[in-house]
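J.: One structure is given below, represented as structure tokens, and several questions about it will come after.
Readers should treat all values here as calculations from the given coordinates under stated rules, not as data from a laboratory. None of these values were measured; they are calculated from a predicted model. Please note: Cβ atoms are built from the backbone with ideal geometry, for glycine as well, and neighbour counts cover all protein chains shown.
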Amino acid sequence: MRESKEKEELRMRESTGKEELRMRELKEKEELRMRESTGKEELRMRELKEKEELRMRELKDKEKLRMRESKDKEKLRIRESKEKEKLRIRESKEKEKLRMRESKEKEKLRIRELEDKDKLRTRE
């Protein structure tokens, strides 16, 4: 009887040990699954954050490029405007020089004509 009772106790201890081992393994598997799940979620969130940061950097870069192009266009417009003004001034000066030269030539011609008339009168 005693042996039977000891065998029963041994069987119960072994059964309990096996059950505890099975429960521990289940718990470890569940913890591992949760860690993996959490890791996957963290990875997904990190990837989303990186994509958003990349998108924002690209937007900033596009805006910088747009502003640079806008500034370049404005500089070009100003430069062209200054060049047009310089050209207008140069043309105006050249016209004035030409007008003055023509005026001088006309005056010389008029003086010559007067001198010629005067010579003709003095001959008569």
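J.: Would you mind counting up the charge near Glu63? Only other residues with Cβ under 11 Å from its Cβ, with Lys and Arg at +1 and Asp and Glu at -1.
T.: Computed value for this residue: +3.
J.: Taking the Cα atoms only, what angle lies between the long axis of helix 2-123 and the longest principal axis of the chain, rounded to 10 degrees?
T.: 0
J.: Could you calculate the contour length gain from Glu28 to Asp61, that is, 0.36 nm times the residue separation minus the distance between their Cα atoms, to one decimal place in nm?
T.: 7.0 nm
J.: Please report the net charge: other residues with Cβ closer than 12 Å to the Cβ of Glu80, K and R +1, D and E -1.
T.: Here the charged neighbours net out to +4.
J.: Can you give the local net charge around Ser92? Use residues other than it whose beta-carbon is closer than 13 angstrom to its beta-carbon, Lys and Arg +1, Asp and Glu -1.
T.: Numbers: positive: Lys84, Lys86, Arg88, Arg90, Lys93, Lys95, Lys97, Arg99; negative: Glu85, Glu91, Glu94, Glu96.
So the surrounding residues net to +4.
J.: Tell me which aspartates and glutamates have Cα within less than 16 Å of Lys5's Cα, excluding those fewer than 8 residues away on the same chain?
T.: Within the straight-line limit of under 16 Å, Lys5 reaches these aspartates and glutamates: Glu14.
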